[in-house]
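Written below as structure tokens is the structure these notes are about.
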Amino acid sequence: MRVPRRRSSRPSSSGGLVISAAVTLVAGYRVIRGPTTPDRVVGLDTIGTNVVAIAVLFAIQSGEGYFVDVGLVLAIIGFISTIAVARYVTEGDIIE
């Protein structure tokens with residue numbers, strides 16, 4: 001007798017994908033219309049974080065583990081770029 005699989009994570013991951021995509025669009029609006037440079041930097045950082053969340057949620061939904069690796073690489077790149085942009089905004093130079 002076969003026991004049916006429980007697929008409880010799929011509806012929640014689908015909802016998470018939709019919410020992350022919507023927040024990414026709102027952050028994109030902040031990047032375009034941001035009145036100051038720090039607003040644009042925060043918007044770009046939010047977009048990077050949401051792209052990582054979308055990659056991980058897609059990995060959960062599809063069952064493909066390599067999307068988690070993609071999410072980790074994107075998180076590292078996003079962190080380094082946020083540090084570089086913050087340093088450029090505060091000091092005007094990235095490398096001394």
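The values are calculated or read from the model by the stated rules, or taken from the named source; none is laboratory data. Not measured: the values here are computed from a predicted model. Note that each Cβ is placed from the backbone with ideal geometry, even for glycine, and that neighbours are counted across all protein chains shown.
Kindly check whether there is at least one residue in segment 56-66 that is within 10 Å of the chain's Cα centre (by Cα) and either at pLDDT below 90 or more than 30 Å from Glu91 (Cβ to Cβ) (or both).
Within segment 56-66 (the criterion being within 10 Å of the chain's Cα centre (by Cα) and either at pLDDT below 90 or more than 30 Å from Glu91 (Cβ to Cβ) (or both)), the answer is yes, since at least one residue qualifies.
Out of (1) surrounded by fewer than 17 Cβ atoms within 10 Å (Cβ to Cβ); (2) at pLDDT 90 or above, what's the single condition that is false for Asp45?
Among (1) surrounded by fewer than 17 Cβ atoms within 10 Å (Cβ to Cβ); (2) at pLDDT 90 or above, Asp45 violates only (1).
Residue check: is Gly71 more than 17 Å from Pro38 (Cβ to Cβ), surrounded by 14 or more Cβ atoms within 10 Å (Cβ to Cβ) and modelled with pLDDT of 85 or more?
For Gly71, the condition - more than 17 Å from Pro38 (Cβ to Cβ), surrounded by 14 or more Cβ atoms within 10 Å (Cβ to Cβ) and modelled with pLDDT of 85 or more - is met.
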